[in-house]
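Participant: Okay, handing you the structure first.
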Amino acid sequence: MQINSESRISHPLDRVYKAYRDQLPLIARHMPDIKAINVRSRIETPTGPHLLNEWIAHKELPSVVASIVKPEMMRWEDHAEWHDAETYVAWRLVIPAFPDQVRCSGRNTFVADGPNATRVILTGDLEIKLDRIPGVPGFMAKKIAPSVEEFFVKLITPNLAKTNQSLQQFLDAR
């Protein structure tokens, strides 16, 4: 299922791009649903850095959900390959609790929108293989998979906008 999000940040392209690439752990302090973003590795390449960031969510869950969703399921790895000359990042998310069941990847493109603003355009794909999740009957998995993916896309999309709002707040404060 497609994921799409676009935000306008009232700061110049170079400043937005570098903050998103290099200061995400600090920006996380402005994100209400994120406890922390930890940089696990950073490898400099001729085209731009390759980063592995661990995101740790902090969200109150309804008691029914909390009995199923364990804290380790509220973490994911963000594998990001930055392309500095073209101002975009290709990313792939891995949820350690569901490494073979969830596939999510995409691209964030940063585009100047006048001299003092930047558009952040995110496009991605999410696929959830319910038939690979223990306890979900195979006959039911294929039938409900599109609805589950749609639910998660609707859950994720506002958080993408919140990430960019947090970046706006972070840059405004500096």
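Since every read-out is calculated from the coordinates, none of them should be taken as a lab result. These numbers were taken from a predicted model, which means no experiment stands behind them. As a convention, Cβ positions derive from the backbone with ideal geometry for all residues, glycine included, and neighbour counts pool all protein chains shown.
Participant: Multiply the residue separation of Asp22 and Ser41 by 0.36 nm, subtract the distance between their alpha-carbon atoms, and state the gained length in nm to one decimal. Display every interim value, and only then the final one.
Facilitator: Working: separation 19, 0.36 × 19 = 6.84 nm, distance 1.21 nm.
Gain in length upon complete extension: 5.6 nm.
Participant: Also, I was wondering about something else. Could you work out how far apart the two model spin labels at Arg132 and His79 are, taking each label as a point 7 Å from the Cα in the direction of the beta carbon, and quote it in nm?
Facilitator: In this crude spin-label approximation the distance works out to 1.3 nm.
Participant: Next question. Using 0.36 nm times the number of residues separating Ser10 and Val111, minus their current alpha carbon distance, what extension gain do you get?
Facilitator: Working: separation 101, 0.36 × 101 = 36.36 nm, distance 1.20 nm.
Value of the extension gain: 35.2 nm.
Participant: Lysine pairs in the chain with alpha-carbon atoms under 17 Å apart, 8 or more places apart or on different chains: how many are there?
Facilitator: The number of close lysine pairs in the chain is 9.
Participant: Oh, and also: Cβ neighbours within 10 Å, averaged per peptide: list 137-148, 43-54, 8-19 in order, most packed at the top. List each step's numbers first, then the result.
Facilitator: Numbers: 137-148: 11.8, 43-54: 14.0, 8-19: 17.3.
Highest-to-lowest ranking by the protection proxy: 8-19, 43-54, 137-148.
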